[in-house]
Amino acid sequence: MLSTILTTGGAGFIGSHTVLELLNAGHNVICIDNECNAYHEKNELLPESLKRVEEITGKNVTYYNVDIRDKNALSSVFKKHKIDCVIHFAALKAVGESCRLPLQYYQNNITGTSVLLEVMTENQVFNFVYSSSATVYGDPIFLPITEEHPTGACTNPYGKSKYFTEEILKDLCVSDNRWNVISLRYFNPVGAHKSGKIGEDPNGEPNNLMPYISQVAVGKRTLLRIFGNDYATEDGTGVRDYIHIVDLAQGHLSALNKLIEGGLRGFAVYNLGTGKGYSVLDMVKNFSTACGIDIPYEFTSRRDGDIAACYASTEKAEKELGWKAKYGIKEMCEDTWRWQKNNPNGFAALKSDL
Ligand code: NAD
Ligand code: WQD
């Protein structure tokens, strides 16, 4: 069923890849973003990521520079368009920054989501897909992590903002049976679209592994610091469930289909991962092979708040959403490299943030 979908934070990494898949599937897409983490060239109508999504798909995105905390601006978007479903990506997401600026994180991620849910209620829109995170599981007590694993033992304000928002969504669904909400718990999204035109574009020094490795490969950083080689894992480095961004984006389409076809009442959560764990050293090795360049690295001490290993059970998403990741580590590395090589400074051709 073709629908009109509002994406918040649609100009970001996960948002832009999902918008692309939504357009390719024939949906009408409305996008809002406050551009706090999206590059927008002066005198252009769209942020660069969405401009490129239009080029790749040959389809149009309707775009508004709106902050989700601005109730009036948000309401006017809902008045202008008959929206069937909201996919809510907009959030601040840097773990370290969230420890320094907890109020900003709670304000943006929790208050912002509450304003959005209020405006949706006022406009009788009750289908909602939420960007949650494996971080809600904290340090796992069993692996692979199923959706029944306890949540809430998060060690930083960012993680807590994801957990609290899930709790708000559960309460909302209990209070009013018109709501249908799917919370997608992403594991570690990496990779880029095959075109090499859109990808992850961190500001300044990357916090996450994959963009760091690719910036070393392209010569922007001199070496990778590996945070700990004394974990109880096969090679001592941290193990994660990396998932290709295109698979992740397609997971949103499966969730959306379930909602708009009426296959869900109330609240449900699904893990989006591959079910496989790779260590930091596995990632370095596979990336070197993909780009043909050695990645220099050194071992340093563990990063605060890091866990040894984390990977998903993917059964529930497979069974109930009919979704399963298709791409492996090779494509994740090759596609990240194509994006990085073609766009050494990300979306801004002249940006220098070394
Ligand atoms: P991103 O920063 O690339 O995208 C988020 C977008 O939201 C940005 O374009 C930003 O400008 C916008 N935004 C932020 N606050 C806003 C506000 N108040 N109003 C309007 N727009 C706002 O991040 P991403 O990696 O694409 O993440 C998308 C979502 O997925 C986030 O909710 C994040 O918490 C979640 N998530 C990300 C990861 C990851 O590793 N990337 C993992 C798990 C969950
Ligand atoms: C992966 C592995 C590091 C950088 C984070 C958030 C999580 C979620 C996804 C949003 C770990 C190691 C990393 C580096 C390294 N985001 N590493 N050197 O920590 O699993 O998850 O992003 O929801 O909330 O916490 O991902 O990519 O930062 O780290 O050795 O320079 O790489 O120690 O083992 P993480 P990551």
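Only one of the listed residues (GLU147, GLU166) is in a loop (DSSP other than H, G, I, E, B), modelled with pLDDT of 95 or more and touching a strand residue (DSSP E or B) at 6+ places or on another chain (Cβ under 8 Å). That residue is GLU147.
Scanning segment 228-254 for residues that are in a strand (DSSP E or B) and either in contact with a strand residue (DSSP E or B) (Cβ under 6 Å, 6 or more places away or on another chain) or more than 16 Å from ligand 1 (Cβ to nearest atom) (or both) returns VAL239, ARG240, TYR242, ILE243. Taking the criterion of being over 19 Å from the mean Cα position of the chain (by Cα) and over 13 Å from ILE243 (Cα atoms), the residues of segment 307-336 that qualify are ILE307, ALA308, ALA309, GLU315, LYS316, GLU318, LYS319, GLU320, GLY322, GLU334. Every condition in (1) within 19 Å of the chain's Cα centre (by Cα); (2) not in a helix (DSSP H, G or I); (3) not β-branched (Val, Ile, Thr) is met by ASP294 except one, and the failing one is (1).
Conditions tested, residue by residue: (1) within 16 Å of ligand 2 (Cβ to nearest atom); (2) hydrophobic (A, V, I, L, M, F, W, C).
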| position | (1), (2) |
| --- | --- |
| LEU103 | no, yes |
| SER133 | yes, no |
| VAL136 | yes, yes |
| ILE141 | no, yes |
| ASN156 | yes, no |
| LYS162 | yes, no |
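Being among the polar types (S, T, N, Q), part of a loop (DSSP other than H, G, I, E, B) and buried (at least 16 other Cβ atoms within 10 Å of the Cβ) holds for only one residue in ASN43, ASN37, ASN60, and it is ASN37.
The set of residues from segment 33-62 being farther than 19 Å from THR4 by Cα, of a type outside the set (Phe, Trp, Tyr) and near ligand 1 (Cβ under 10 Å from one of its atoms) comprises ASN34, GLU35, CYS36, ASN37, ALA38, HIS40, PRO47, SER49.
So, ALA308, is that one closer than 22 Å to PRO150 by Cα, at pLDDT 95 or above and of a type in the set (A, V, I, L, M) or not? So ALA308 passes the test.
Within segment 262-291, work out how many residues are farther than 16 Å from LYS319 by Cα, more than 10 Å from ligand 2 (Cβ to nearest atom) and either under 24 Å from the mean Cα position of the chain (by Cα) or among the acidic types (Asp, Glu) (or both). Here the count works out to 8. Counting the residues of segment 10-32 that are near ligand 1 (Cβ under 10 Å from one of its atoms), more than 11 Å from SER49 (Cα to Cα) and polar (S, T, N, Q) gives 1.
Cβ separations smaller than 9 Å between residues 6+ apart or across chains give the following pairs from segment 184-209 residues that are outside any loop (DSSP other than H, G, I, E, B) to residues that are of a type in the set (Lys, Arg) and crowded, with 21+ Cβ neighbours inside 10 Å: ARG185/LYS162; ASN188/ARG240; LEU209/ARG240.
Condition first: at negative phi and touching a Pro at 6+ places or on another chain (Cβ under 9 Å). Can you find one or more residues in segment 137-147 that meet it? Yes.
The values are calculated or read from the model by the stated rules, or taken from the named source; none is laboratory data. Small disclaimer: the values here were computed from a predicted structure and weren't measured. Every residue, glycine among them, receives a Cβ derived from its backbone with ideal geometry; neighbour counts consider all protein chains shown.
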